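Undergrad: One structure, pasted below without further comment.
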Amino acid sequence: MGTEELIQSIQSMFPDASINMGNNFPELVIEKDSLLSVLNQLKSEPTLAFDYLFCETCVDWKSHLTMVYHLDSTRFRHNLVIKTNLDAQAPEIESACHLYRTAELHEREIFDLFGVKFLNHPHLRRILLTDDWKGHPLRKDYDDPINMIKL
Amino acid sequence: MITFLKQYFKDIYQAISSLLKGMKLTGYYFTHHKEIITQQYPDNKSTLVLPERFRGEVVMLHDENNEHACTGCSACELACPNGTIKIINKFEVNAEGKKKKAIDAFVYHLELCTMCNLCIVACPTDAIKMAQTFEHSVFDRSLLTKQLNKPNSKLREGVE
Amino acid sequence: MFEQVSTSENGELVINVGPQHPATHGVLHLLITLNGETVTKLEPNLGYIHRSIEKMCESLSYRQFIYTTSRMDYLSSHINNHACALTVESALQIEIPERAEYIRVIMSELTRMASHQLWWGAMAMDLGALSPFFYAFRERESINDIMEETCGARLTMNYFVPGGVMYDLHPNFVAKVKEFIVFFKSKIDEYDELLTGNIIFQNRMKNIGIISKEDAISYGCTGPTARGSGVSCDIRKIYPYSIYQKLDFDEVIEHGCDSFSRYQVRMKEMRQSLKIIEQLIDNIPKGEFQAKTKAVLKLPKGEFYTRVETARGELGVYIVSEGGTSPYRIKFRSPGFSNLSALEHMVKGHKIGDLVAIMGTLDLVIPDIDR
Amino acid sequence: MDVKITPPSEPFPGTVHPTDGGGVLVSSLDEVINWARSNSLWPLVFGTSCCAIEMMSTAAAKYDFSRFGFEVARATPRQADVIIIAGTIVNKMAPVLKRLFDQMPDPKYVIAMGACATSGGPFFYNTYSVVKGADHIIPVDVYVAGCPPRPEALLHALITLQEKIKSGLTRDQIRGEMKAHGN
Amino acid sequence: MLRLENISSFIHTSLSNHLSETSVLLLEMTIIALAAITLFALLGLILVLMERKVSAWIQIRLGPNRVGPKGIFQTAADTLKLVLKEGFVPDGADKFLYKLAPFVVMIIAMILLAPIAFAKNFAIWDLNIGVFFITAISSVSVIGILMAGWASNNQYSLLGAMRSGAQIISYEISAGMAILSIVVLTGSLQISDIVASQSNGWWLFKGHIPALIAFVIYIIAVTAETNRAPFDMAEAESELTGGFHTEYAGMRFALFFLAEYINIFIVCAIGATLFLGGWMPFHIGNWEAFNHIMDYIPSSIWFLSKTFFLIFVIMWFRWTFPRLRIDQLLQLEWKYLLPISLFNLLLITLIAIKGWHF
């Protein structure tokens, strides 16, 4: 399936969502509540078969956070980026770790560094920093005058 | 039963032969001392030649008149990813009475330096280069902060 | 040893492996629950070498941030640098001279071999055989010598820059690499003789640490870890970058799904890397080694993602640019992080000795996991 | 820094007095003890990042620190004499490092290998989790610069540490000594 | 010619000339104790250095060569340092057992030196059940290891000690069977008898293939019994950091370390005595001239060179093979070594009854 076809077929599957071509991969922007159903459909639809989540991360845009999921299909070798915006104050989203096991550690990392709360995650705890760490360091408003020496 | 026994002894034979193969190799190395590749570092110090590109530390080149080529443009300071270089400038009054910028101290934190070579690439006058020295062990880490321009050194004529 | 936790409620022994433990190859901390010698539960505890590289890169320029990635997965530092350089180049649409491409691929493959050699030695050491470590380092040292002559350092080279490579090849480079190819071809057979065929080794490896193809994909395993389970995931083949498209090499896939398959994949990959270098070493085109680039690089607004194949698997570099001189957000998708998540699945039900062996075959580099 | 390098087959330390009947008497116990300590530095297996690979290279055949008797790398701090801090120390690791140091029996020595352990190195600025130098946590005897230092540089550091032990001076004394000599 | 038996008889006669019988006995016992301790320390030093040199040469490097000429003072420096290191008892440890364990291991290693014939007519105690004594006493050393593992209050130590217990008890059986096969051939448990029975050829050659199999089984079993790689489950550095001696430091660790090497020496000495003729020189059939030259070499040299050859073989194993897993280790014993050695014992008995051996 070519990229154009891919975009069309995904658009027809999710008429509400907006999809356009990014620099590298097609990007699908969805509502955060529909994340699980979208991922589920993308994974189970035999012509798409997005079975491999190769990157899951978050970007802090100050006004809001954006969750970014990079999907790949090991069968057809096409990629898709899913983006969904979260509220900056109380970011919350469904965990994808029941569909993709790799998400478990990635989501713990995002929770640690961005403070995004993943619902239904089996053990959401800090992973990289100590448990008593204050704040979420990859947030743009994070400031640590003791540890961070600014150049 | 026969096949079981056959398999049993075949397994043992294969196991032992695979072990002997490994022992043959290690035995070969044990008996062939010419395979030893050890370089005896402190004793080979006089013959040790490092490749000329090896990056050991940043040095400033001084010629015989105690002159260097650093104009104090701080391109290296900007290029350095982790603040290893600090250039402190002063204004000198030259013979014609003009004020001219010159370096007062080229401070180099060897303890921070990662030898990434970005400062050397950035230097427009080739005033600094990477030296091949590597014996940087000290008892006191403050000794690793160095001033690269020698005392009373001057900017070479004609370097802009 | 970190802290002593005696037993869990049902009388199982809980022990801490790491952060300082010879088997963890660094500072990984695993909390394992043992029933006798059998591992019933395993929980990785990361972050003992979390150096906040992602945050740091947000304040570095696009020329500067590359050097930090050498410190991430230090065993494939060239390949990490390659990924970053590729991201910047593709965003700025810089055309790289062909010579630079050739040099980059040769260096990457040499790095891959050096990394696999170290893995071989270190894994043998985990299994209790100490001599292979020294034999592996002998070959690794000759690669290091080649690297040092051209790139100026032994481990963290910072040789790939946006637009090409930092210096041209050293005049001795081609001859030395050819010498190395001949040398290594004779030594790699010794590896097989010493370890691969060894009955103890085979018993320690076969049918240990099984992960099925579906699980490997779901856990996001990449690199030799996934290819040992029959997943085709070599980025060099499926999404070719640089000049890998033009090269003749095979993607090594084994279907055993166990530790021994992963071992075999890496052993065969070393031979494939040799094959790639053999194809390239005589045909390095003449010309520039670096494209002309602006002094200050500014990426256009947008998001850029590059995937490369390191010695451990797929490395993704995700840069979000706001149009400035430094990235707005940078994310490194490290292969070890995902591979580690599959560790518990592989280890459950095996003995504590197998845990060590399985960790050996995963080839974890902890700074790569923690970043 | 220049250190005196002892020749490969150094004589037995201490003062040897021949006695009647062909016997010998060895005096200067301190020298003998320092000789033993300096020639039997067993490192702790402790590598956090890139420098650990260079430490392994030093242990490997080409550089081979077993020539000095350092090769008995102990995995348990109880039996180690010297920690070679090979790599970055982050805030989460700091208590572990302190604990490892405390678990070692006296006399114990510390080498900070590479820029990260010496000062935080490449991760000095703009990082929220890196300890800016291992000497904020445990006392360090010898610092080696480099990122990572060559195996020879590590050997040089070990020889430097040997010289320090042979001199019998404490950390502060040897720093004062060096200041006095303007080195 | 300076022979060890002459020295011992000289000491005995010169003492007897001046002193009463009881005091001679007491004095001699003191001398023997001192000699045993000296031998213990000296053998430890030599064997550790040998191990380091052998490993270095196998691993294409030089090994210790800077402390003293050719590095011969290396282990002396190590021992001195270990003795001078701070010795402490970890928090939560069982203080009494923790301190006792290394001595148990060491004393057992020293007791085992007693029946070994170091040269012709030169043994501390040539008792009539010499071989039995050794098999019995050497199994006691596992108690020291278990003690150390238990008392340390450390999970790694405990695991290591438990592994060691399981391992030593299993491999005792095969080692015993292998020893038994020679006892069957000789018909005596006394070490001097066993050596004397090999005056016309070593059992390894005289006993046909079964003796060879017994020898191989013996070497494998004692490698396991002394916790040497590839059977070093009790220490298993990459798995259990230090195994049973994880929490031991300084002097106490040195005792474990030395005892390990003494144990290797002892099992290799027994192996040399049983299979390679102990201090018996190497003789070939009717080559009188050759045999005379061989006889001229002192018996102690013969004994030591055979022993050190076996030690070298065990070191060679260590630096070549990966470690077995604990269940494979026991599998090897119960599924392979034990049936083979039982069958082998049967064969040997048949050979002995029929008198088929040379």
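Undergrad: Go through the residues of segment B:15-37 one by one and say whether even a single one is of a type outside the set (A, V, I, L, M, F, W, C), closer than 30 Å to B:Leu155 by Cβ, in contact with an Asp or Glu (Cβ under 8 Å, 6 or more places away or on another chain) and surrounded by 15 or more Cβ atoms within 10 Å (Cβ to Cβ).
TA: Scanning segment B:15-37 turns up no residue that is of a type outside the set (A, V, I, L, M, F, W, C), closer than 30 Å to B:Leu155 by Cβ, in contact with an Asp or Glu (Cβ under 8 Å, 6 or more places away or on another chain) and surrounded by 15 or more Cβ atoms within 10 Å (Cβ to Cβ).
Undergrad: Considering D:Leu155, D:Leu169, which residue is crowded, with 23+ Cβ neighbours inside 10 Å and either more than 9 Å from chain B (Cβ to nearest Cβ) or assigned to a helix (DSSP H, G or I) (or both)?
TA: Among D:Leu155, D:Leu169, only D:Leu155 is crowded, with 23+ Cβ neighbours inside 10 Å and either more than 9 Å from chain B (Cβ to nearest Cβ) or assigned to a helix (DSSP H, G or I) (or both).
Undergrad: Looking at E:Ile340, E:Ile311, E:Ile284, E:Ile353, which one is part of a helix (DSSP H, G or I) and at pLDDT below 85?
TA: Details: E:Ile340 fails: at pLDDT below 85; E:Ile311 fails: at pLDDT below 85; E:Ile284 fails: part of a helix (DSSP H, G or I).
Answer to the selection: E:Ile353.
Undergrad: Same structure, new question: Is it fair to say C:Ser186 is more than 14 Å from chain E (Cβ to nearest Cβ) and over 20 Å from the mean Cα position of the chain (by Cα)?
TA: Details: more than 14 Å from chain E (Cβ to nearest Cβ): yes; over 20 Å from the mean Cα position of the chain (by Cα): yes.
Yes: the conditions hold for C:Ser186.
Undergrad: Just to be sure, is B:Glu52 within 13 Å of chain C (Cβ to nearest Cβ), over 30 Å from C:Ile53 (Cβ atoms) and not in a strand (DSSP E or B)?
TA: It is true that B:Glu52 is within 13 Å of chain C (Cβ to nearest Cβ), over 30 Å from C:Ile53 (Cβ atoms) and not in a strand (DSSP E or B).
Undergrad: Let me ask something additional. Restricting to segment C:47-99, name every residue that is of a type in the set (Asp, Glu) and within 11 Å of another protein chain (Cβ to nearest Cβ).
TA: C:Glu54, C:Glu58, C:Asp73
Undergrad: Among the residues of segment C:243-251, are any crowded, with 23+ Cβ neighbours inside 10 Å and within 28 Å of C:Asp354 (Cα to Cα)?
TA: No, segment C:243-251 has no match at all.
Undergrad: Give segment E:88-117 a look and list any residue that's under 16 Å from E:Ser300 (Cα atoms) and buried (at least 21 other Cβ atoms within 10 Å of the Cβ), or say none.
TA: E:Leu113, E:Pro115, E:Ile116, E:Ala117
Conditions tested, residue by residue: (1) closer than 21 Å to C:Leu155 by Cα; (2) assigned to a helix (DSSP H, G or I).
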site: C:His78; (1), (2): yes, yes
site: C:Asn81; (1), (2): yes, yes
site: C:Val88; (1), (2): no, yes
site: C:Ile96; (1), (2): no, no
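Undergrad: Could you grab me the full set of residues in segment D:116-133 that are of a type in the set (Gly, Ala, Ser) and within 12 Å of C:Thr68 (Cα to Cα)? So that I can check it myself, show each step before the final result.
TA: As a first pass, look at segment D:116-133 and keep what is of a type in the set (Gly, Ala, Ser): D:117, D:119-121, D:129, D:133.
Of everything in segment D:116-133, just one residue is of a type in the set (Gly, Ala, Ser) and within 12 Å of C:Thr68 (Cα to Cα), namely D:Gly121.
Undergrad: Mind counting the residues in segment E:63-86 that are surrounded by fewer than 22 Cβ atoms within 10 Å (Cβ to Cβ), at the interface with chain D (Cβ under 7 Å from one of its Cβ atoms) and not in a helix (DSSP H, G or I)?
TA: 2
Undergrad: Going through segment C:239-281 one residue at a time, which ones are free of Cβ contacts under 8 Å to residues at least 12 places away in the same chain and out of contact with any Pro (no Cβ under 9 Å at 6 or more places or on another chain)?
TA: Of everything in segment C:239-281, those that are free of Cβ contacts under 8 Å to residues at least 12 places away in the same chain and out of contact with any Pro (no Cβ under 9 Å at 6 or more places or on another chain) turn out to be C:Pro240, C:Gln245.
Undergrad: Give me a count of the residues in segment B:123-160 that are part of a strand (DSSP E or B), crowded, with 17+ Cβ neighbours inside 10 Å and touching a helix residue (DSSP H, G or I) at 6+ places or on another chain (Cβ under 9 Å).
TA: Count: 4.
Undergrad: Let me ask you something else. Out of all the residues in segment C:37-54, which are part of a loop (DSSP other than H, G, I, E, B) and either closer than 14 Å to C:Lys348 by Cβ or hydrophobic (A, V, I, L, M, F, W, C) (or both)?
TA: C:Glu37, C:Leu46, C:Ile49
Undergrad: Restricting to segment A:1-54, count the residues that are more than 14 Å from chain C (Cβ to nearest Cβ) and assigned to a loop (DSSP other than H, G, I, E, B).
TA: Matching residues across segment A:1-54 total 11.
Undergrad: Moving on. Name every residue in segment C:342-359 that is of a type in the set (D, E, K, R) and either part of a loop (DSSP other than H, G, I, E, B) or facing chain E (nearest Cβ under 8 Å) (or both), in order of residue number.
TA: Filtering segment C:342-359 down to residues of a type in the set (D, E, K, R) leaves C:344, C:348, C:351, C:354.
Hits for segment C:342-359 are C:Lys348, C:Lys351, C:Asp354.
Undergrad: I've got another one for you. Looking at D:Thr118 and the list (1) facing another protein chain (nearest Cβ under 7 Å); (2) over 14 Å from the mean Cα position of the chain (by Cα); (3) among the polar types (S, T, N, Q), which single condition is not satisfied?
TA: Checking D:Thr118 against (1) facing another protein chain (nearest Cβ under 7 Å); (2) over 14 Å from the mean Cα position of the chain (by Cα); (3) among the polar types (S, T, N, Q), the one that fails is (2).
Undergrad: C:Ser232 fails exactly one of the following numbered conditions: (1) more than 14 Å from chain A (Cβ to nearest Cβ); (2) closer than 16 Å to C:Gly313 by Cβ; (3) not in a helix (DSSP H, G or I). What is the number of that condition?
TA: It fails just one condition, (1).
Undergrad: Okay, next question. For segment B:75-127, which positions are touching a Cys at 6+ places or on another chain (Cβ under 6 Å), at negative phi, within 14 Å of chain C (Cβ to nearest Cβ) and of a type outside the set (Gly, Ala, Ser)?
TA: Passing the criteria: B:Cys76, B:Cys80, B:Thr84, B:Ile85, B:Thr114, B:Cys119, B:Cys123.
Undergrad: Same structure again: Would you pick out the residues in segment C:186-208 that are part of a helix (DSSP H, G or I), in contact with a Phe, Trp or Tyr (Cβ under 6 Å, 6 or more places away or on another chain) and either farther than 11 Å from B:Leu25 by Cα or not aliphatic (A, V, I, L, M) (or both)?
TA: First pass over segment C:186-208, keeping only residues part of a helix (DSSP H, G or I): C:186-196, C:199-205.
From what's left, in contact with a Phe, Trp or Tyr (Cβ under 6 Å, 6 or more places away or on another chain): C:195, C:200, C:205.
Within segment C:186-208, C:Ile200, C:Met205 meet the criteria.
Undergrad: Of everything in segment D:141-152 that's at the interface with chain B (Cβ under 7 Å from one of its Cβ atoms) and buried (at least 24 other Cβ atoms within 10 Å of the Cβ), which residue is nearest to B:Thr145 (Cα to Cα)?
TA: D:Ala145
Undergrad: Looking at (1) of a type in the set (A, V, I, L, M); (2) surrounded by fewer than 24 Cβ atoms within 10 Å (Cβ to Cβ); (3) within 14 Å of chain E (Cβ to nearest Cβ), find the lone condition where D:Met178 falls short.
TA: Checking D:Met178 against (1) of a type in the set (A, V, I, L, M); (2) surrounded by fewer than 24 Cβ atoms within 10 Å (Cβ to Cβ); (3) within 14 Å of chain E (Cβ to nearest Cβ), the one that fails is (3).
Undergrad: What about B:Ile85, is it at pLDDT below 85 and either crowded, with 19+ Cβ neighbours inside 10 Å or β-branched (Val, Ile, Thr) (or both)? Before the answer, list the steps.
TA: Working: at pLDDT below 85: no; either crowded, with 19+ Cβ neighbours inside 10 Å or β-branched (Val, Ile, Thr) (or both): yes.
Considered against the rule, which asks whether it is at pLDDT below 85 and either crowded, with 19+ Cβ neighbours inside 10 Å or β-branched (Val, Ile, Thr) (or both), B:Ile85 comes out as no.
Undergrad: A further question follows. Restrict the check to segment C:124-141 and report whether at least one residue is crowded, with 24+ Cβ neighbours inside 10 Å, hydroxyl-bearing (Ser, Thr, Tyr) and either touching a strand residue (DSSP E or B) at 6+ places or on another chain (Cβ under 7 Å) or not in a helix (DSSP H, G or I) (or both).
TA: no
The values are calculated or read from the model by the stated rules, or taken from the named source; none is laboratory data. What you see is a predicted model, and the numbers here were worked out from it, not measured in a lab. Cβ coordinates were reconstructed from backbone atoms using ideal geometry, including for glycine residues, and neighbour counts include every protein chain displayed.
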